[in-house]
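Quick note: the coordinates plus some simple rules give every number you see, no bench work behind them. This is a predicted model, so every value here is computed, not measured. Glycine also receives a Cβ, built like all others from the backbone with ideal geometry; neighbour counts cover every protein chain displayed.
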Amino acid sequence: MKISKTVLLIDDDEDEHVWFKEALDIYDNTIACLSAYNCSQALHILKETHPDFIFSDFNMPGFNGLECLQRIKCIPALKDIPVYIYSASKATKEERSKALELGAEEWLYKPANLNEYKLLFKKVFENKSSSF
């Protein structure tokens, strides 16, 4: 099996990594998924590899998703990688504006089931349209 794309998921919730990877494998098993459980781990991984897409949870201990986004976009080799803020919490207008200002592609809500994951992946990987 040839890998078509690589995704980095940054989320402190271990269960979210399991669900995300299972759903991604069902959606398209040629998309590889790397895991980071905080911003520091993500930045370490990003020294070695440049994924095609990054999903970053908003609510994380230490650096939140916006702070992590800011650090990623400051690295010239990473600035063109689409980063999606990926959260279960509803964003305020200010948070959404700040995410856009910092270079996020979009604020996505964590899916509740496999069908919602499929729709999310279709939107990100096939449409690449933003609804910020």
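Numbers below:
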| quantity | calculated |
| --- | --- |
| Scan of region 1-18 for residues that are surrounded by fewer than 16 Cβ atoms within 10 Å (Cβ to Cβ) and assigned to a helix (DSSP H, G or I), ordered by number | GLU14, ASP15, VAL18 |
| Hits in region 98-126 - residues which are within 14 Å of ASP28 (Cβ to Cβ) and either touching a strand residue (DSSP E or B) at 6+ places or on another chain (Cβ under 7 Å) or among the aromatic types (Phe, Trp, Tyr) (or both) | TYR117, LEU120, PHE121, VAL124, PHE125 |
| Lone qualifier among LYS122, LYS98, LYS90 - being basic (Lys, Arg), on the phi < 0 side of the Ramachandran plot and not in a helix (DSSP H, G or I) | LYS90 |
| Scan of region 33-69 for residues that are assigned to a helix (DSSP H, G or I), in contact with a Phe, Trp or Tyr (Cβ under 9 Å, 6 or more places away or on another chain), surrounded by fewer than 21 Cβ atoms within 10 Å (Cβ to Cβ) and not hydroxyl-bearing (Ser, Thr, Tyr), ordered by number | LEU66 |
| Single unsatisfied condition, ILE72 versus (1) touching a residue at least 40 places away in the same chain (Cβ under 8 Å); (2) surrounded by 17 or more Cβ atoms within 10 Å (Cβ to Cβ) | (1) |
